[in-house]
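Readers should treat all values here as calculations from the given coordinates under stated rules, not as data from a laboratory. Keep in mind that this is a model prediction, so the values were computed, not measured. All Cβ positions, glycine included, derive from the backbone under ideal geometry; neighbour counts span all protein chains shown.
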Amino acid sequence: MSKSENIRIPVSQQALIVEKPIDITAIGGTVTIQINEKKVSVPFGTTILDACKENQIHIPTLCHHPDLCIAGVCRICVVEVEGLRTLQTSCSFPVTSPIKIHTSTEKVRKARRHIIDLLLSEHYGECYSCFRNENCELQSLAKEYGVDGYSFGHILEPKYKVDKSSAAVIRDMNKCILCKRCVRTCIDLQEVGVLEAIKRGHDTHVGTFLDKPLADVICINCGQCINRCPTAALRANDPSDEIWNAIDDPKKHVVIQTAPSPRAAIGEEFGIEPGHSFTGELNTALRRIGFDKVFDTNFTADLTIMEEGTELIRRLKKVVVEKDSSVKLPQFTSCSPGWIKFIEHFYPEYLDYLSSAKSPQQMFGAVIKTFYAKESKIDPADIITVALMPCAAKKFECNRPEMNASGFKDVDYGLTTREMAKMIREAGIHLPEMPKSNFDEPFGNASGAGLIFGATGGVMEAALRTVYELVTGREVPFENLRIEPCRGFEGIKQAYIKLDNCVESYNFLEGVELKFIVAHGTANAKKVMEMLQRGELRDVHFVEIMACPGGCLGGGGQPIPTSEEIRRKRAQAIYEEEEGLPVRKSHENVHIKYIYENFLTDGPCGELSHKLLHTHYTKRGKYIS
Amino acid sequence: METTLKTSKKRTGPVLFSNYQQADGIKKAIELGRENILLELKNSGLKGRGGAGFSTATKWMLSAAANAEKKFIVCNADEGEPGTFKDRVLLLEYPELVFDGMVIAGFTIGAKKGIVYLRGEYEYMLPSLEGFLNKMKEENLLGKNILEKEGFDFDINIRLGSGAYVCGEETALIESLEGYRGEPRNRPPFPVNTGYLGYPTVVNNVETLASIPHIIYKGGEWFKKNGTDKSKGSKLFSVSGDCGKPGVYELQWGTKISELLEIVEAKNCKAVQVGGASGVCLPKSQFNRSLAYEDAATGGSIIIFDESRNMLKILKNFMEFFVEESCGQCTPCRVGNTKLLEGVDNIGKGEYTFSYINNLKELGKTMQAASKCGLGQSSPNSFISILDNFKEEIFYSNRKGIKNVKE
Amino acid sequence: MLVVEKNNLSYEIERMVKEYGSDRQSLLQILQAIQKKYKHISDFAQQEIARLMNIHPVEVYSVISFYSFLSTEPKGRNIVRLCKTIACDMAGKDAVETAVKRELGISFGETTNDQRISLEYTNCLGMCDEGPAMLINEKVYTHLDPEMAVNILNEIK
């Protein structure tokens, strides 16, 4: 097998390449091996690690991650293969012949313990004073292998300065064990390319370009590195202390909006299997913590659909009817702040393709400090808006200088699912035990369309439900409103929906095949942008892009660990909850109707909504000064 | 003085330094054909001269059998092992052997391209080597239809390293050639199947390649008349340290250390480091051991220490070397070497317990077993052997009268 | 850096990328060429290389930081690398080291004020039989004694 010359080779070496024999069927496609005296048959080319897993033998891993290519650097997964002088890493060793494997001989056990000891000797700090306490892979291994002291000493002074420059991601390399999962995440999985191994030998560390602070390089704040870090080397910038202070301050009116994805995942922080939503329980918990109001971000997700959908129809009209060549199509969604920063850095010349609609978080901030403040007669200066998000990049987004349409900082704090769980625990609350309760008025419970924003394809599905119905007067032609082409975890999905028998005001769209693309993860976003550059998207109208794999439910603020299996379960929880909701189209949300009738009276994309709900972008480029 | 670099060869030997006329090997190779070359090579029993000692014939056969549109021959001239300089002598004084060897290798496995990975420290050789290659091109020993053999195309490029010892490890070398950090790869897959740019690649040491023309021209039988049962042929030894005549010597495999010491005029010799920093350090009592794959194996580095040397200081120098030169990707090597160096320092300060020392030796064994590549697998060798073989001096003497290594 | 200098550097890098190719396997050769010419690879040069080779700047930096002979910091016109590995160490490297430091008034890892010489250590140069040895740029000097070493350094421009 050879590397194609056109394809960029991932920096973290070639993934495992197995030379297949000319005729696999000659050996039946499987190999019979012996693991700890037990004979088992496994498919040709399976790694020893997978072969063991299939046979209920647990092998410890650290640098291995199901989302990433193989590294084979931590060496914790070593096993003995008969006939080979040295121990072999089970994560990288493909089974191609009838080998005999021993997974827990003295040599293996000793090696694993030594490796843990070595990592601990350079791992600064103590477990009890660490936020990853009880959710740290190094700690678990130390326990598993009965490490009860520092055989090779323990570092007493930090070696690196903690990098707190970024609004979103904090890097503490004193906790780093050099598994390079973050490097593989950043370069291979997300193709952002901010982190790499720097120097060599004992000076090796994970660093940025010229070891600059994270805020000065082209980090998009997606936080995917945090989700895959086995220790506490990476974390989000946690504002929970400031939020507690605001809650404790009687003069402050503290409101929180909660995004769809945290509720589908926060149970994991309380020991619940992935795949269960805790929407009602979370509302109660937040009130008990002391938030004055609990709002549903899905309300502004619905509002986003109204604004972004209207913008799309306007763009279509300008292109189809007015033949205005200055209008850019396809229109790209703008809800994902990681994606926004990605395009600002990597494709600054294409910013006009982005919808000008703000993300739901920012719309809500602006609405709370204007409409809500007016309705409830509270001075917006006294309102603190908190956003519970699955996202690290939201922390950067709310700090963008342009996000002050209300005359104040629209969203004061972005809080991740993990940080929220910490606050809930701190308040002495066990979330799963909470009674359920609804969201607060005047925004109430939102539509299901807003809820599915949490999964990749959700924004597209929600938009289609509304746009199609606005234009044709009929419901989208999918059973139970499930627009299947938008669902699932394929990297890039393409489909179209035909607009026919349009209502009179939209008859200019008669017969148009509305083509759309859904992509998630910035590596896929990059592919889509390259298609755009090559002119392959000329007949595409709408593109949804989410920076994180799986969409927001796989966001950088979600519970750790993550894997495709976990993300699928979260998606399932979201879709299941959605089907039980009474309203499932954004335009049917009564609170949306109310706000357009009583506040944004010049309608979607009107003057006031432009001021409050739309934004502009910055050409950042790639150059690092 | 700026060295003339032609002074290091100390003894003309029976094999490598025997007479050879450029192109003789290539002509013979064409005459023999691929299969006979491989048979001849197999018969010779030649093993890799870089230190690992893998059968050269097997390596060639595996890549000859691999089905691919391109294949590569890489000459590993990243000679970085402390105390090794034989490749320098070969490249400067016998380039015809090395390059003829590469051409024959290319012919045998079906590679059209050869790359010499020359360590950055040897950049001064570049003009003479490139001149030599040009001469070969003019003589049709390189290029298209070599020696008028239809379809026998082969070219050689020289690529420079940039100061990284680990790039002498074959997969790290390939990573470096591909423009990456010199970090060794996971094996399998092996370079013979998946090497440079993913194509089958034979990586051979300079000395291995230099043996090829002799073997092909004079026959495997001739070659294996020298040496021992398991170590065929002769070996170049790079001798340095406390002796009267340091330099490169071609000696039979199986030569006893004591014999070598006599030849190089070593006096008051206390210890011999066989195999460089990653080799083992032997005391007087083991000087009767033979230099051979089956006994005291070495890629050729012999460093001699006389009675005045401080073994702990020597060990410290070695461990500092590995701490700097480890690529840093795998835990046992990156952290392990640091811990061993720390141990050496602690011994020096007298701050140790024997259980701590034993713990470190055990750690050394783990490094030998669990490191990703040969660097980490061999770096504890000197730690373990020096502490074991020079216990008296290190732990029990008051070290008075022992000179600092740095004096 | 002045705009003119930047433009010249960009032009030079473009030329090198054209000469060696923009495939990843050319990276090390391009870095070596720039190092040789400019005595370091500036942050601007790194980003230009990344742009032209379609890789990330941090990858370029990562590779540079791996290899001892490449540097991101400006170095003197001549880089002197003294071998500190065992055989040279035993042959009297310490005395050479002391003399050189005293003569130039700088330590290893530093550059003289007039940018004439940068002093560095290096691991084994493969001159173990002729130590102590040092490398000045790509030339190697062997059998050094303190006086000789100092004389050699005083002669280079």
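Shielding of peptide B:64-71 by partners, expressed as the average count of other chain Cβ atoms within 10 Å per residue Cβ, is 1. Distance between the pseudo-spin-label points of residue C:18 and residue A:216 (7 Å out from Cα toward the beta carbon): 3.4 nm. With contributions of -39500 (n - 2.57) from each DSSP H run of at least four residues, the per-residue ellipticity at 222 nm computed over chain C stands at -15000 deg cm²/dmol. One Cα centroid belongs to the range A:288-360, the other to the range A:566-606; the line between them spans 16 Å.
Placing +1 on the Cβ of every Lys and Arg and -1 on the Cβ of every Asp and Glu, with no other charges, gives the protein assembly as shown a dipole of roughly 2120 debye about its Cα centre. Considering only alpha-carbon pairs that sit under 8 angstrom and 6 or more positions apart, the relative contact order computed for chain B is 18 percent. Under the convention that each Lys and Arg Cβ holds +1 and each Asp and Glu Cβ holds -1, the size of the dipole of the range B:9-224 around its Cα centre is about 420 debye.
Calculated mean residue ellipticity, 222 nm, chain B: -12500 deg cm²/dmol, from DSSP H runs (n ≥ 4) at -39500 (n - 2.57) each, averaged per residue and rounded to 500. In chain C, Rg over Rh equals 1.04, where Rg is the alpha-carbon radius of gyration and Rh the Kirkwood radius from pairwise Cα distances.
Just check chain A against the gyration tensor rule for me: Cα atoms, a ≥ b ≥ c as the square roots of the eigenvalues, rounded for a/c under 1.5, and otherwise prolate or oblate depending on whether a/b exceeds b/c. Prolate.
Shape class for the protein assembly as shown: prolate, because the ratio a/c of the largest to smallest gyration tensor axis (alpha-carbon atoms, square roots of eigenvalues) is 1.5 or more and a/b beats b/c. Given the range B:311-396, what whole percent of its Cα pairs are spread farther than 18 Å? Cα-Cα pairs in the range B:311-396 separated by more than 18 Å: 34 percent. With helices as the sole contributors, chain A gives -8500 deg cm²/dmol at 222 nm; each DSSP H run of n ≥ 4 counts as -39500 (n - 2.57), and the sum is divided by every residue. Remark: the range A:288-297, residue by residue, has Karplus-estimated 3J(HN,Hα) of 5, 5, x, 5, 6, 9, 10, 10, 9, 4 Hz, where x stands for each Gly or Pro and the curve is 6.51 cos²θ - 1.76 cosθ + 1.60 at θ = phi - 60°. Annotation: extensible slack from residue C:1 through residue C:103 equals 33.5 nm (criterion: 0.36 nm per residue apart, minus Cα-Cα distance). Shown for chain C: cysteine residues without a partner Cβ closer than 4.7 Å, namely C:124, C:128.
Restriction of the GluC sites (Glu not before Pro) in the range A:301-337 to DSSP coil positions whose beta-carbon has at most 13 other beta-carbons within 10 angstrom yields A:322.
Classify the range A:116-236 from the C-alpha gyration tensor, please: rounded if a/c falls under 1.5, else prolate or oblate depending on whether a/b exceeds b/c. In terms of gyration-tensor shape, prolate. If both residues of a DSSP beta bridge must be in the protein assembly as shown, then about 50% of such bridges are antiparallel.
So if I take the centroid of the Cα atoms in the range B:260-275 and the same for the range B:244-258, what is the distance between those two points in Å? One Cα centre to the other: 9 Å. Couplings for the range A:146-161, taken from phi via the Karplus curve 6.51 cos²θ - 1.76 cosθ + 1.60 with θ = phi - 60°, read x, 6, 10, x, 9, 4, 10, x, 8, 5, 9, 10, x, 9, 10, 7 Hz in order; Gly and Pro are left as x. Evaluate E = 1/(1 + (r/R0)^6) for residue B:93 and residue B:256, where r is the Cβ-Cβ distance and R0 equals 30 Å; express this FRET efficiency to the nearest 0.05. That pair, residue B:93 with residue B:256, gives E of 0.65. Shielding by partners for peptide A:190-198, expressed as the average number of C-beta atoms from other protein chains within 10 Å of each residue's C-beta, is 5.
Extension gain for residue A:159-residue A:128 works out to 9.2 nm (0.36 nm per residue, less the C-alpha to C-alpha distance). Computed from label points 7 Å out along Cα-Cβ, the spacing between residue A:527 and residue B:222 is 5.9 nm.
With 0.36 nm allotted per residue and the present C-alpha distance subtracted, the residue A:272-residue A:608 stretch has 116.6 nm of extension available. Only Cα pairs under 8 Å and 6+ residues apart enter the sum, and on that basis the relative contact order of the range C:3-66 stands at 30 percent.
Computed over chain A, relative contact order equals 15 percent, with contacts defined as Cα pairs under 8 Å that lie 6+ residues apart. Highest mean first, the peptides C:91-100, B:300-309 sorted by other C-beta atoms within 10 Å per residue fall in the order B:300-309, C:91-100. The range A:244-287 and the range A:428-480 have their alpha-carbon centroids 18 Å apart.
Here the label points at residue B:308 and residue A:38, each 7 Å from Cα along the C-beta direction, are separated by 6.5 nm in the simple model.
Other protein chain C-beta atoms within 10 Å of residue C-beta, averaged over B:296-304: 1. For the range C:78-155, give me the percentage of DSSP beta bridges that are antiparallel, rounded to the nearest 5 percent. Here the antiparallel bridges make up roughly 55 percent for the range C:78-155. Using the Cβ-Cβ distance between residue A:97 and residue B:54 with R0 = 22 Å, the FRET efficiency computed as 1/(1 + (r/R0)^6) comes to roughly 0.75. With R₀ fixed at 30 Å, the C-beta to C-beta distance from residue A:598 to residue A:317 puts the FRET efficiency at about 0.65. Computed over the Cα atoms of the range B:1-140, the ratio of the radius of gyration to the Kirkwood radius (Rg/Rh) comes to 0.96.
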